[in-house]
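Chemist: Before anything else, here's the structure in question.
The values are calculated or read from the model by the stated rules, or taken from the named source; none is laboratory data. As the structure is a computational prediction, the values presented were derived from the model and not from experiment. All Cβ positions, glycine included, derive from the backbone under ideal geometry; neighbour counts span all protein chains shown.
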Amino acid sequence: MIIRLSKNTPLVPHKKHWKFCVGSGHALLALRTDYTRQLKFIHDTLGIERVRFHGIFDDDMRTFNDLSMMMPLPGSEAFTEYNFNACGVAYDNVLEAGMKPFVELSFMPKKLALREEGRPLEGSFFYKPLIVPPADMAAWKDYMQAFLRFLIHRYGIEEIRTWYFEVWNEPDLPGAFWNGSQEEYFQLYEATARAIKEIDPQIPVGGPATSGSKWVQAFVEYCRVHDVPVDFVSTHQYAGDPLGGVEDQGLAGEGEEDGPKENFMEKMRAMMMEVAKKLVTIEDKSFINGFRVIMPDKSEAEDIPNDVFITNAPIVKKQAAGLPVYYTEWNENATFSAYTNDTRKVAAYDVKTALDVADSVAGSSIWCFSDIFEELHPFPQEFHGGFGMLTQNGIPKPVYHAIKMLTDAPDGRLDLGSEATKGEIGYAAFKALDQTDNDSLQVILFRQKMKNLDLPKESVKVEIELDKAPAAVTVRRVDEDHGNPLKLWEEMGSPVSLNKAEVAALKEQSAVTDEPWPFVYENGILTVSAELGVNDVYMISIK
């Protein structure tokens, strides 16, 4: 493959939308020192501005208590308190890391939860969130406004106006995050938004925080018809979804009402029966192996398209009717513990997708920054297929190095057209918008496939028009032997736990650095070449 870059190619802004926010686990984790250290590292090295996590109102944060929780005596449940101190410590840690919270208002405190026969209280996750509507919307409003007053007193109104408040998480997923209808979610959103705006009209609030780009049109219409305050639209998109499959690329969730709920649960029951039969036949009875049977990596077993987010984002932007669109979760794979989450497959997908959705989103949030994460199970293995850009001990994975390449690229992007990133081998080029030196630029190359296939390397030649020979050409690589700590860990024997010396060694040996790269300059053309394996990512810098 030959790529030719003209020195007269126009520049457009390089929109680094992934710097807006990054995802995380649930609120209790933000009280940990290792979490805070890694968050600061992500901010300092990638420039990410905010962090979003679930469960600020989960009962492990003890925000709404009664005396019966300590002394279960008759009548003691009537003696109550709001206590947002743990929330304050979590947000203190975020701010001390140099970031701001993107506040996901979830889940329901037990004291407020609706108890109704046939409607389970708890979600299916490790930390057992309560995923029902409030029993009394007036009580929810009082609680919400007490939370806002706590934040304003602690941080000041000017600071709080710079935070974003998102109502709930993925209310379209029954059993996981919301045991209620779409209409009940819209009512919860309305009550919450009005409660916030009564405290201060300038505090940003939005939703619907759905999976798979769903409900946006219905949400925006509900807010319009009922004159409900809304400052932004948020939704999520993964290429492979282990629960509902890949969303329809043409509709972006249009027309999704309450009907799919029964089908969804029936499909889940049938799937679990098949999994149970398979578990009996598996010889390796390790916990993680059993979990991977229950939650298989669909992105390796099926032909999942790589353009679901790219296709749906412009539709959602149109549905948002002028409101800013934030994809507050996105990544290649929604399957927790998938082996390929630790490989460079995620790196190549995230680079391609970040480039392709840049004009459709106001900001985005990769899910997530660290394997300090307990949504389904806190696995002990350093490499267990977590969603993080960093492992539990802060070892950067291939996706971290790839996103750092995009982050470190200049603020101008050569307008090479959509074809540049469409094929298996994609490319983008960058230079400073205010640059007078026409010969300094960076080129990112990637070979993106949705499966980790052992295929021969592909030769890529880049020919660039330059006025003079470069002073230096360097390259950063994410490939089999660069930025690949998983391979090194496996060569160590895949130890379950690591000591500090082993962690330091893996970080050092898998570091991605600029290295000199051969080039030829003749007749005003610089030529550089690379051999790309599947899901390799290269950044060539010309100075």
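Chemist: Inside the range 109-141, can you point out the residues that are touching a residue at least 60 places away in the same chain (Cβ under 8 Å) and among the hydroxyl-bearing types (Ser, Thr, Tyr)?
Modeler: The answer is 127, and nothing else.
Chemist: Now a separate question. Could you name every one of the strands (runs of 3 or more DSSP E) located completely within the range 366-465 that has at least 3 residues being closer than 30 Å to residue 7 by Cα and of a type in the set (Val, Ile, Thr)?
Modeler: The strands (runs of 3 or more DSSP E) meeting that bar are 458-465.
Chemist: Let me ask another. Which number in (1) out of contact with any Pro (no Cβ under 6 Å at 6 or more places or on another chain); (2) buried (at least 24 other Cβ atoms within 10 Å of the Cβ); (3) of a type in the set (Gly, Ala, Ser) marks the one condition that residue 347 misses?
Modeler: So residue 347 meets the others, but not (1).
Chemist: For residue 203, state whether it is aliphatic (A, V, I, L, M), part of a helix (DSSP H, G or I) and at pLDDT 65 or above.
Modeler: No, not satisfied.
Chemist: Which ones in the range 286-300 are touching a helix residue (DSSP H, G or I) at 6+ places or on another chain (Cβ under 9 Å) and of a type in the set (D, E, K, R)?
Modeler: The answer is 292, 297, 300.
Chemist: If you check every pair at least six apart or on different chains, which have Cβ atoms under 7 Å apart with a residue in the range 484-504 that is more than 20 Å from residue 533 (Cα to Cα) first and a residue that is buried (at least 17 other Cβ atoms within 10 Å of the Cβ) second?
Modeler: These pairs meet every condition: 489/382; 489/383; 489/506; 496/381; 498/382; 498/393; 503/393; 503/395.
Chemist: Could you list, in sequence order, all residues of the range 394-418 that are within 10 Å of residue 14 (Cβ to Cβ), crowded, with 19+ Cβ neighbours inside 10 Å and in contact with an Asp or Glu (Cβ under 9 Å, 6 or more places away or on another chain)?
Modeler: Correct list: 406, 412.
Chemist: Another question about this same structure. Residue 329 passes all but one of (1) acidic (Asp, Glu); (2) more than 18 Å from residue 511 (Cβ to Cβ); (3) touching a helix residue (DSSP H, G or I) at 6+ places or on another chain (Cβ under 6 Å); which number fails?
Modeler: Evaluating residue 329 over (1) acidic (Asp, Glu); (2) more than 18 Å from residue 511 (Cβ to Cβ); (3) touching a helix residue (DSSP H, G or I) at 6+ places or on another chain (Cβ under 6 Å) leaves (3) as the failure.
Chemist: Considering only residues that are among the small types (Gly, Ala, Ser) and out of contact with any strand residue (DSSP E or B) (no Cβ under 6 Å at 6 or more places or on another chain), look in the range 209-224 and name the one that is farthest from residue 332 (Cα to Cα).
Modeler: 218
Residue by residue, here is whether (1) more than 28 Å from residue 44 (Cα to Cα); (2) exposed (fewer than 14 other Cβ atoms within 10 Å of the Cβ); (3) in contact with a Gly (Cβ under 6 Å, 6 or more places away or on another chain); (4) modelled with pLDDT of 95 or more holds:
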| site | (1), (2), (3), (4) |
| --- | --- |
| 62 | yes, no, no, yes |
| 65 | yes, no, no, no |
| 72 | yes, yes, no, no |
| 81 | yes, yes, no, yes |
| 90 | no, no, no, yes |
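Chemist: A follow-up question, please. Looking only at the range 466-476, count every residue that is aliphatic (A, V, I, L, M) and assigned to a strand (DSSP E or B) and tell me the total.
Modeler: Within the range 466-476, residues that are aliphatic (A, V, I, L, M) and assigned to a strand (DSSP E or B) number 2.
Chemist: Then there's this: Could you give every pair whose Cβ atoms fall below 7 Å, whose first residue belongs to the range 364-389 and is farther than 18 Å from residue 296 by Cα, and whose second residue is assigned to a loop (DSSP other than H, G, I, E, B) and of a type in the set (S, T, N, Q), counting only separations of at least 6 or pairs across chains?
Modeler: That search, which allows pairs on different chains as well, returns 371/391; 371/392; 372/392; 380/497; 382/391; 382/392; 382/393.
Chemist: Moving on. Among the numbered criteria (1) surrounded by 21 or more Cβ atoms within 10 Å (Cβ to Cβ); (2) at pLDDT 95 or above, which single criterion is violated by residue 123?
Modeler: (2) is the only condition that residue 123 fails.
Chemist: Residues being on the phi < 0 side of the Ramachandran plot and in contact with a strand residue (DSSP E or B) (Cβ under 7 Å, 6 or more places away or on another chain): count how many of those fall in the range 158-177.
Modeler: Qualifying residue count, the range 158-177: 9.
Chemist: Go through (1) surrounded by fewer than 24 Cβ atoms within 10 Å (Cβ to Cβ); (2) over 29 Å from residue 464 (Cα atoms); (3) among the β-branched types (Val, Ile, Thr) and name the single condition residue 391 misses.
Modeler: Checking residue 391 against (1) surrounded by fewer than 24 Cβ atoms within 10 Å (Cβ to Cβ); (2) over 29 Å from residue 464 (Cα atoms); (3) among the β-branched types (Val, Ile, Thr), the one that fails is (1).
Residues checked against (1) surrounded by fewer than 16 Cβ atoms within 10 Å (Cβ to Cβ); (2) of a type outside the set (S, T, N, Q):
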{"position": "131", "(1), (2)": "no, yes"}
{"position": "136", "(1), (2)": "yes, yes"}
{"position": "141", "(1), (2)": "no, yes"}
{"position": "144", "(1), (2)": "no, yes"}
{"position": "150", "(1), (2)": "no, yes"}
{"position": "161", "(1), (2)": "yes, yes"}
{"position": "167", "(1), (2)": "no, yes"}
{"position": "172", "(1), (2)": "no, yes"}
{"position": "182", "(1), (2)": "no, no"}
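Chemist: Only residues that are in contact with a His (Cβ under 9 Å, 6 or more places away or on another chain) and under 27 Å from residue 208 (Cβ atoms): list them for the range 342-354, please.
Modeler: Selection gives 354 alone.
So that you can scan it fast, the table gives a plain yes or no per residue for (1) touching a residue at least 24 places away in the same chain (Cβ under 8 Å); (2) under 26 Å from residue 150 (Cβ atoms); (3) not assigned by TED's automatic domain parsing to the domain that holds residue 101:
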position: 20; (1), (2), (3): yes, yes, no
position: 27; (1), (2), (3): yes, yes, no
position: 44; (1), (2), (3): yes, no, no
position: 56; (1), (2), (3): yes, yes, no
position: 77; (1), (2), (3): no, yes, no
position: 80; (1), (2), (3): yes, yes, no
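Chemist: Moving on. Show the residue pairs meeting these rules: Cβ distance below 9 Å; 6+ apart or different chains; first residue within the range 176-200 and farther than 16 Å from residue 132 by Cα and without any contact (Cβ under 8 Å) to a residue 60 or more places away in the chain; second residue surrounded by fewer than 21 Cβ atoms within 10 Å (Cβ to Cβ) and of a type in the set (Asp, Glu).
Modeler: Between residues of the range 176-200 that are farther than 16 Å from residue 132 by Cα and without any contact (Cβ under 8 Å) to a residue 60 or more places away in the chain and residues that are surrounded by fewer than 21 Cβ atoms within 10 Å (Cβ to Cβ) and of a type in the set (Asp, Glu), the close pairs are 193/231; 195/142.
Chemist: Continuing with this model, one more query. Being closer than 21 Å to residue 351 by Cα and not hydroxyl-bearing (Ser, Thr, Tyr) is true for just one of 463, 490, 458. Which residue is that?
Modeler: 458
Chemist: Test of understanding: among 118, 180, 123, 88, which residue is assigned by TED's automatic domain parsing to the domain that holds residue 61 and on the phi > 0 side of the Ramachandran plot?
Modeler: 118
Chemist: Determine whether the range 109-132 contains at least one residue that is of a type in the set (Asp, Glu) and under 17 Å from residue 181 (Cβ atoms).
Modeler: Looking through the range 109-132, at least one residue is of a type in the set (Asp, Glu) and under 17 Å from residue 181 (Cβ atoms).
Chemist: Go through the range 128-171 and give me each residue that's in contact with a Leu (Cβ under 9 Å, 6 or more places away or on another chain) and in a strand (DSSP E or B).
Modeler: 130, 134, 165, 166, 167
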